[in-house]
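Each remark here refers to the structure printed beneath this line.
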Amino acid sequence: MAGKTRVIAACERQADGAMGYVVMKVVASFSAEHVAAFRDAHIAHGAHIHTDGLRGFPAFADPATQRTHQVTVTASKRPDRARGSAFFWINTAIANLSTAIKATYKRPRRSTCPIISAPSVGPRTTAKNMRGMISAACRAIATSTALTRKTVYAPPVGAIG
């Protein structure tokens, strides 16, 4: 995995099938120790976790907190991409993050991309907080003045023309 950033990503799937909270965290490895630390910090008690067949992921199960684990994809099999499938929302979140990074950074590297170099992709700044970004965009739209082609290209006030 040279040159790759190891990230554990989890997405809450609500009872009605909608996407809930999403968390992505850069980890040193996919060892049981790092998986358990991620689980304890971000996964609710009683959660049922679907994962691929990575060796450290059985550590998501924790009988003490009634968290259960199910291997849904193993080896080189591709996950079901249909809406409502186990990996639909997390794949959507990862694809959206990937698109945002590629749209912002020509060649993303840990040294130049704050999202990749951050220890946790969480709600610390607007750049890493989708809800914050949406609120900021709505606030900007609501407080901006209407622009038309005519006003954009109008000569400056007082210009001799």
Net lengthening on full extension, Ser85/Thr65 (0.36 nm per residue, minus Cα-Cα) = 4.7 nm
Given the Cα-Cα distance of Lys102 and Ala28 and 0.36 nm per residue of separation, how much length would full extension add, in nm?
-> 24.3 nm
Between Ala18 and Leu54, with labels modelled 7 Å along Cα→Cβ, what's the label distance in nm to one decimal, could you check?
-> 2.9 nm
Using heavy-atom solvent-accessible surface (probe 1.4 Å) with all chains present, what is the largest-first order of Phe38, Phe30?
-> Phe30, Phe38
Surface accessible to a 1.4 Å probe, per residue, for the residues of region 1-75, Å² = 60 Å²
Exposure ranking of Phe88, Phe60 by accessible area [1.4 Å probe, largest first] | Phe88, Phe60
Fully extended, how many nm does the chain gain between Asp40 and Val73 (0.36 nm per residue separation, minus their Cα-Cα distance)?
-> 9.6 nm
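The values are calculated or read from the model by the stated rules, or taken from the named source; none is laboratory data. Since we're looking at a predicted model, the values are computed, not measured. Heads up, the Cβs are rebuilt from the backbone with ideal geometry, glycines too, and the neighbour counts pull from every protein chain shown. With ligands, DNA and RNA removed, areas are computed over all heavy atoms of the protein, side chains included. Shrake-Rupley method; radii C 1.70, N 1.55, O 1.52, S 1.80 Å.
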